[in-house]
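Asks: Take a look at this one; I'll ask things after.
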Number of protein chains: 2
Amino acid sequence: MRAYDIIKKKRDGAELSKEELSFLITEYLSGKIPDYQMSAFLMAVYFSGMTDAETIALTGLMLSSGSRLDFSDISAPKVDKHSTGGVGDKTSIILAPLMAAMNIKVPMIAGRGLGHTGGTIDKLESIPGFRTDLSIKEFKGNIKDIGFSIISQTDEIAPADKKLYSLRDVTATVESIPLIAASIMSKKLAEGIGGLVLDVKVGKGAFMKNINDARKLARTMVNIGNSMGVKTIAIITDMNQPLGQTVGNGLEIKECISALRGKMPDDLKEVVLTLGAWMAYVADCVTEEAGIAKLPEHVLIKYKSELMDLIEKGDAFKKFVEFVDAQHGNPEAAFKPDIIPSASKVKEIRIPAKGYIREMDAEKAGMAAMLLGAGRQHKEDRVDHSAGIVLNKKTGDYITPDEPVAIFHYNDETKIKEAEEVFLSGIRTGEIPPDRKQIIIDV
Amino acid sequence: MRAYDIIKKKRDGAELSKEELSFLITEYLSGKIPDYQMSAFLMAVYFSGMTDAETIALTGLMLSSGSRLDFSDISAPKVDKHSTGGVGDKTSIILAPLMAAMNIKVPMIAGRGLGHTGGTIDKLESIPGFRTDLSIKEFKGNIKDIGFSIISQTDEIAPADKKLYSLRDVTATVESIPLIAASIMSKKLAEGIGGLVLDVKVGKGAFMKNINDARKLARTMVNIGNSMGVKTIAIITDMNQPLGQTVGNGLEIKECISALRGKMPDDLKEVVLTLGAWMAYVADCVTEEAGIAKLPEHVLIKYKSELMDLIEKGDAFKKFVEFVDAQHGNPEAAFKPDIIPSASKVKEIRIPAKGYIREMDAEKAGMAAMLLGAGRQHKEDRVDHSAGIVLNKKTGDYITPDEPVAIFHYNDETKIKEAEEVFLSGIRTGEIPPDRKQIIIDV
């Protein structure tokens, strides 16, 4: 076999065999196939696509390039959720303790933010002392004892994906649905879970800008998961405006703490409870070794109300406190959120006109937060955990010049003007309110 | 500017500016843009194509990455021809002395063979002592004194093309019309010529398998040449069966010597005289600073008959002898072709059935010759100058099992069986003769 022939075959639109993909990945990892052949291959995949069989084979190869966690000694169901990335998306940090309170184990390996999107790991690191670089042993221990743990990507998990992703990142080959699906799923399947709920974001602040691509990505990932023995479902959610009322790491942790104490804005609540209900249902399917069906509304409502009970009784909050403590963070932060660093400066952002907010572009809000210091332009950039945006108004709200639409939190004011321009350029107002859009688009 | 953005822009089908292409080529040559970004870019070009403006800009950049020969001290018109590569295509070696006999200067920089296609340089090197690595000074001297010279690619000519071609060769990005056009034209324009006649081959033994691609390549190259001040025309010729009666370096040189002495098979004669007539016309256009028009048949016939006269009078042959001598070859070879090495073994190849040859696949004949030792599978392979195939019969001829269709010449018999199988698998016979096909398809 020759790399050249495999590149040419993919370029010409043919389906590669498992053996050909295996040769490609194995020889690439061992350094026998150089980056320049792999990047040509990746660009050919960008244009020619991959069949389901190819995507599943590629996922399997990336998965088996590293180790796969083994939780067979824990009898409770292991279920994770994964979001394809958005702005203000802090659902993981609320859901993991909530599911743990329901005796569902959540072994979550999460990522950092890049560009306009935030990352769960950056958010957690705004808690003083918090560590996400636990050993696999500590990770497992926390899952056993508390019910969940959230750590950052380790070198043992899917090293082939890590090497490939670095190359895709600099060769404009990230935006390929089969490559995105294989990358996400190879890491999630390594977690040793029995079930997985995917939150595929669609809209201005998401990687998938249109519903067709979102559905295609969702279907591809569900197919990979189920064909590899993990009960997987995907929920498509709206990411046209930021989720919740905060964008930025420390600010979002404070919002999570409020949420775990029962105070959630409607959009965040809807996404958290829907994802949570499906995680609970998937966990039941794992336990009962049953197939996954589309749930009737009344069953979903039952699960949601159980989850609300766990929040209101304080069980989810309690799990969160234990979690912060176990990962070397200061658990006092959960009771006194002021312990989480605040920015030295704030600025009220106003709109000169009055009217209904018809649009609040999530990508632009994310870019503005990044410019304030909350995000990374490049992978190696550092983030300012205290910087970000508090949204006083959201789409559908009525606004006048008298009240700020948002408050910027920042320490470095060099890009404040640019951030304000970018943020405001994403807001459109009008005399009539916009039609109410469903945040849960499809399951 | 960032390489990433340029790759993405091309990937998304947009037109690149001259500045963007210049940045890409300059930084790639200086090593600041790595191979893996360039190969992703090349694959994006394979899929997204290039506009005429981009192709012209790229050609200009590759041309100016090296030196351009200057023949302004020679007043006679300088015209070259270039073939896109075929099997048994020895026209350059006949045409260059023929045009020189007409006082048209031909400064030809030629290539080596690869795969099923032969190369002018390999053919010439079968003449004992012949050198193609002349200095530019010697090259120029020969053009002044004899009227033509043929040398191999030097490092001074279009080094950007050389570096890019090596990368394309291993990343399955060779078969892109704008990249092929820019590569050929950057080298030809460096020859300091005023006119150029392109022989774009189409058919089984050519790079362009169908007439649409051949026309597109022809148009692209003509456009580049004319927009850069070189009067360029393209002729599309058939390459479904090998050209002439020999395939293989020494055998082809012997056929060239016969041709220069007036003995040419019909198909070879038709291509040589048509290309030669157009070279003569283009030379007149260069001298008269006139535009190129489509020639009426009677004018072409006049040029062709002038060329035949020069062959019959022995003027072209005389130029060839001078050329061999000037390039350190043994000029006796022109008079006693036995001086050119012969293979130690021959084998007659027969077809078990009788009938008309309806097809003789040029690619398969070229592959068979390569297996006999006449060609290279890989760039670093050595060729056996004496190996090859003499075709006793060609498409349209009647054949019986009593007479050989071809004679294989070889020294190494390890691949003789494979060569015979490949060669015969390309021959189809039938009870009725095929329709006579025009070898000159379009101008």
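Asks: For the charge dipole of the protein assembly as shown, defined by +1 on Lys and Arg C-beta atoms and -1 on Asp and Glu C-beta atoms about the Cα centroid, which residue among A:SER67, B:LEU310, B:TYR356 has the Cα displaced farthest towards the positive pole?
Replies: Value computed over the given set: B:TYR356.
Asks: How shielded is A:31-40 by partner chains, expressed as the average number of their Cβ atoms within 10 Å of its Cβ atoms?
Replies: Counting Cβ atoms of other protein chains within 10 Å of each residue's Cβ and averaging gives 6.
Asks: Counting Lys and Arg as +1 and Asp and Glu as -1, each charge on the Cβ, what is the dipole of region B:360-443 about the Cα centre in debye, to the nearest 20?
Replies: 200 debye
Asks: Would you calculate the convex hull of the Cα atoms in region A:30-129 and tell me its volume per residue in Å³?
Replies: 196 Å³
Asks: Let me ask something else about it. Where Rh denotes the Kirkwood radius from the mean inverse Cα pair distance, what is Rg over Rh for region B:148-213?
Replies: Taking Rg over the Kirkwood Rh, I get 0.98.
Asks: For region B:349-358, in order, what is each residue's ³J(HN,Hα) by Karplus, 6.51 cos²θ - 1.76 cosθ + 1.60 with θ = phi - 60°, in whole Hz (x at glycine and Pro)?
Replies: Couplings: 10, 10, 10, x, 9, 10, x, 7, 6, 9 Hz.
Asks: Pop out the carbon and sulfur fraction of the accessible area of region B:3-49 as a percent, whole number, probe 1.4 Å.
Replies: Summing carbon and sulfur atoms, their accessible area is 46 percent of the total for region B:3-49.
Asks: Still on this structure, I have one more. Placing +1 on the Cβ of each Lys and Arg and -1 on the Cβ of each Asp and Glu in chain A, which of A:THR429, A:SER30, A:ILE7 has its Cα farthest towards the positive end of the resulting dipole?
Replies: Result: A:ILE7, furthest along the dipole toward the positive end.
Asks: List the trypsin sites (Lys or Arg not before Pro) in region B:210-307 that DSSP assigns to loop (not H, G, I, E or B) and whose Cβ has at most 12 other Cβ atoms within 10 Å. Which are they?
Replies: Answer by residue number: B:LYS263, B:LYS294.
Asks: I've got another one for you. For region B:341-430, calculate the relative contact order in percent as a whole number, restricting contacts to Cα pairs under 8 Å that are 6 or more residues apart.
Replies: Relative contact order of region B:341-430: 47 percent.
Asks: Calculate how many DSSP beta bridges within the protein assembly as shown are antiparallel, expressed in % of all such bridges and rounded to the nearest 5.
Replies: The antiparallel proportion sits near 50 percent.
Asks: Same structure, new question: Go through B:LYS269/B:LYS302; A:LYS188/B:LYS8; B:LYS90/B:LYS394; A:LYS319/A:LYS393; B:LYS9/B:LYS201 and tell me which ones have a Cα-Cα distance over 23 Å in this structure.
Replies: The pairs that break the limit, which is 23 Å between Cα atoms, are A:LYS188/B:LYS8; A:LYS319/A:LYS393; B:LYS9/B:LYS201.
Asks: Still on this structure: Between the alpha-carbon centers of region B:364-439 and region B:1-53, tell me the distance in whole angstrom.
Replies: So the separation of the two Cα centres works out to 41 Å.
Asks: Taking Cα atoms of region A:3-49, Rg/Rh with Kirkwood Rh, to two decimals?
Replies: Result: Rg/Rh = 0.93.
Asks: Out of the trypsin sites (Lys or Arg not before Pro) in region B:1-100, which ones are loop residues according to DSSP with at most 14 other C-beta atoms within 10 Å?
Replies: Here the sparse-neighbourhood loop sites are B:ARG2, B:LYS32, B:ARG68.
Asks: Can you order the peptides A:145-156, B:275-286 by their average number of other Cβ atoms within 10 Å per residue, highest first?
Replies: Averaged packing, sorted descending, gives the order B:275-286, A:145-156.
Asks: Just the number, please: buried accessible area between A and B, total of both chains, 1.4 angstrom probe, nearest 100 square angstrom.
Replies: Accessible area lost upon association: around 1900 Å².
Asks: Let me ask something additional. In region B:43-61, which residues give up 20 Å² or more of accessible area once the other protein chains are added, compared with their chain alone (1.4 Å probe)?
Replies: Hits at the 20 Å² cut-off: B:MET43, B:TYR46, B:PHE47.
Asks: Alpha carbon centre of region A:237-316 versus region B:188-202: separation in Å?
Replies: So the separation of the two Cα centres works out to 69 Å.
Asks: Could I ask something else about it? Give the relative contact order (percent, whole number) for chain B; include only Cα pairs under 8 Å separated by 6+ residues.
Replies: 20 percent.
Asks: Residues with amide H under 5 Å of B:THR429's amide H, sequence separation 5 or more or different chain, H placed in the peptide plane at 1.01 Å from N; which?
Replies: Excluding prolines and chain starts, which carry no amide H, the hits are B:ARG358.
Asks: Taking every residue in B:167-175, how many Cβ atoms of other protein chains lie within 10 Å of its Cβ, on average?
Replies: Taking the mean over all residues of the peptide, I get 6.
Asks: I've got another one for you. Counting only DSSP beta bridges with both residues in chain B, what percent are antiparallel, rounded to the nearest 5?
Replies: 50 percent
Asks: Summing +1 for each Lys or Arg and -1 for each Asp or Glu, what net charge is found among the other residues whose Cβ lies under 10 Å from the Cβ of B:VAL200?
Replies: +1
Asks: On to the next question. Seen from all sides and averaged, what is the projected area of the convex hull of the Cα atoms in region B:285-386, in nm²?
Replies: 12.7 nm²
Asks: Using a simple charge model, +1 on the beta-carbon of Lys and Arg, -1 on the beta-carbon of Asp and Glu, nothing else, what dipole does chain A show about its Cα centre, in debye to the nearest 20?
Replies: 300 debye
Asks: Rg over Rh of the protein assembly as shown, using C-alpha atoms and the Kirkwood radius, what does it come to?
Replies: So for the protein assembly as shown, dividing Rg by the Kirkwood Rh gives 1.12.
Asks: Restricting to DSSP loop positions (anything but H, G, I, E, B) with no more than 13 other Cβ atoms inside 10 Å of their own Cβ, which chymotrypsin sites (Phe, Trp or Tyr not before Pro) remain in region B:319-383?
Replies: Listed in order of number, the matching sites are B:PHE335.
Asks: For chain A, just the Cα atoms, rotate onto the principal axes and tell me the three extents in Å, largest first.
Replies: Dimensions of chain A along the principal axes of its Cα atoms: 69, 45, 43 Å.
Asks: Among the aspartates and glutamates, which have Cα under 17 Å from the Cα of A:LYS347 when same-chain residues fewer than 8 positions away are ignored?
Replies: Excluding near neighbours in sequence, the set is A:ASP384, A:ASP402, A:GLU403, A:ASP412, A:GLU413, A:GLU418, A:GLU420, A:GLU421.
Asks: Rounded to the nearest 20 Debye, what is the dipole magnitude of the protein assembly as shown about its Cα centre when Lys and Arg each give +1 and Asp and Glu each give -1 at the C-beta?
Replies: Roughly 300 debye for the protein assembly as shown.
Asks: Starting from the eigenvalues of the Cα gyration tensor, five times each then square-rooted, give me the equivalent ellipsoid semi-axes of region A:341-430, largest first, whole Å.
Replies: 24, 13, 10
Asks: If you look at just the Cα atoms of region A:229-306, how large are its Rg and its Dmax in Å?
Replies: When restricted to the Cα atoms of region A:229-306, Rg and Dmax are 14.6, 40 Å.
Asks: For B:VAL405, what residues show an amide H to amide H distance below 5 Å, using hydrogens built from the backbone and excluding near sequence neighbours?
Replies: Under 5 Å from the amide H of B:VAL405 lie the amide H atoms of B:ILE349, B:ARG350, B:ILE351, each far enough along the sequence or on another chain.
Asks: Related question: Which helices count as membrane-span-like in chain B under these terms: full DSSP H, at least 30 Å along the axis by C-alpha, Kyte-Doolittle mean of -1.0 or more?
Replies: Flagged H segments are B:266-287.
Asks: Also, quick follow-up: Quick one: accessible area per residue over the protein assembly as shown, 1.4 Å probe, rounded to a whole number of Å²?
Replies: Spelled out: the 1.4 Å probe surface of the protein assembly as shown, per residue, equals 40 Å².
Asks: Hey, any idea what % of region B:341-430's accessible area is carbon plus sulfur with a 1.4 Å probe?
Replies: 48 percent
The values are calculated or read from the model by the stated rules, or taken from the named source; none is laboratory data. Since this is a predicted model, take the numbers as computed values, not measurements. Methodologically, a virtual Cβ is constructed for each residue, glycine included, from the backbone with ideal geometry; neighbour enumeration extends over all protein chains shown. For accessibility, only protein heavy atoms count, side chains too; no ligands or nucleic acids. Shrake-Rupley method; radii C 1.70, N 1.55, O 1.52, S 1.80 Å.
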